[in-house]
Amino acid sequence: MTSVVLGSASPARLRVLRDAGLDPSVLVSDVDEDALIAELGDAAPHVVVTRLAQAKADAVVAAILSDDVPAGADCVILTCDSMLLLDGELSGKPHTPDVAIAQWRRMRGTVGHLMTGHCVTRLRDGAVVAAAADHQSTAVRFSDVSDELIERYVATGEPLKVAGAFTLDGLGGWLLDGIDGDPSSVIGISLPLTRRLLRRVDVDVADLWRA
Ligand SMILES: Nc1nc2c(ncn2[C@H]2C[C@H](O)[C@@H](COP(=O)(O)OP(=O)(O)OP(=O)(O)O)O2)c(=O)[nH]1
């Protein structure tokens, strides 16, 4: 039986996978995302999020192998990175209210693209036997909301710790006019893309579903 490791601290990603029938273990990577983004310079947005997902995968694989994963173990490691592309500029989590308010004042009434890089790595007998990576981009239409609603939303604290300062499945849903594309990718991990990447490492997603 192939086991699943989610290489992410994201509660949203874990919830998406659990709601979709998987019971992953969690192993958080310790990648310095800002340093890697700086190193990537003016790389295309999809390259940035995909490389970040791959860097997280490398860190989790190294952690697993350093703990001498039992021989014969067969596992897939899922890692992701999400950022919002708006007017050609990528942004991650705002972290502070001022940044979140400024972000919302820029994006209200416009369309952004939530970009999520994905990497699926297969380990067997303590070695990487296959890996596949790609990205998903989903258009997000932001409502033209008032300064007051922006400030009250930011005051909840929710937007500070999510890419693009919004959620699709939380309070942020009140401030969106809609999306064009894959909702799971916006929340944190694209189920259809992950299914295709699992196929590329010779795993059928239905074999991972809890009984
Ligand atoms: N619930 C929810 N979370 C969202 C949404 N959009 C983005 N996020 C979250 C998912 C991720 O936790 C976070 C994106 O940041 P990262 O891709 O760097 O992941 P994070 O640092 O959380 O964990 P990781 O780096 O994978 O250990 O934003 C959404 O619509 N709903």
Quick one: net charge of Ala139's neighbours, Cβ under 13 Å, K/R +1, D/E -1?
-2
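List the relative contact order of the chain as a percent without decimals, with contacts defined as Cα pairs under 8 Å and 6+ residues apart.
Across the chain, relative contact order equals 23 percent.
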Simple SL model, points at 7 angstrom along Cα→Cβ for Glu39 and Arg106; separation in nm is 2.5 nm
Separation of segment 158-197 and segment 25-45 by C-alpha centroid, Å?
20 Å
Compute the length gained on full extension between Ser3 and Arg15: take 0.36 nm times their separation in residues and subtract their Cα-Cα distance, giving the result in nm to one decimal.
2.6 nm
Förster radius 25 Å - calculated FRET efficiency between Asp23 and Ala206 (Cβ-Cβ, nearest 0.05)
0.95
Tell me the chymotrypsin sites (Phe, Trp or Tyr not before Pro) within segment 156-211 that lie in a loop according to DSSP and have at most 11 other beta-carbon atoms within 10 Å.
Trp209
With contacts defined as alpha carbon pairs under 8 Å and 6 or more residues apart, what's the relative contact order of segment 134-207 in percent?
36 percent
Just to confirm the number: angle between the C-alpha axis of helix 97-107 and the first principal axis of the chain, 0 to 90 degrees, nearest 10?
80 degrees
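Normalised by the residues of segment 1-96, what does the relative contact order come to in percent, with Cα pairs under 8 Å and at least six apart? Don't skip to the end; give the middle numbers.
Details: 106 pairs, mean separation 33.6, N = 96.
It comes to 35 percent, rounded to a whole number.
Based on DSSP H runs of at least 4 residues, each adding -39500 (n - 2.57), what is the mean residue ellipticity at 222 nm of the chain after dividing by all its residues, to the nearest 500 deg cm²/dmol?
Details: 7 runs with 74 residues, N = 211.
The helix-only estimate for the chain comes to -10500 deg cm²/dmol at 222 nm.
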Ignoring ligands and nucleic acids, what accessible area does Ser146 show with a 1.4 Å probe (Å², nearest 10)?
60 Å²
Asp98 to Leu65: extension gain in nm, 0.36 nm per residue of separation minus the Cα-Cα distance?
7.7 nm
May I ask what percent, to the nearest 5, of DSSP beta bridges between residues of segment 3-208 are antiparallel?
85 percent
Ratio Rg/Rh, restricted to segment 95-176 and using Cα atoms, in which Rh is the Kirkwood radius
1.18
With 10 Å bins from 0: P(r) over segment 3-208, alpha-carbon pairs, percent:
9, 35, 33, 17, 5, 1
For segment 123-211, listing trypsin sites (Lys or Arg not before Pro) in a DSSP loop whose Cβ sees at most 10 other Cβ atoms within 10 Å gives Arg210
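The values are calculated or read from the model by the stated rules, or taken from the named source; none is laboratory data. Worth saying up front: this structure is predicted, and the values here are computed from it rather than measured. Here the Cβ is made from the backbone with ideal geometry for all residues, glycine too, and neighbour counts use every protein chain on show. The area values use the complete protein model at the heavy-atom level, side chains included, leaving out ligands, DNA and RNA. Shrake-Rupley method; radii C 1.70, N 1.55, O 1.52, S 1.80 Å.
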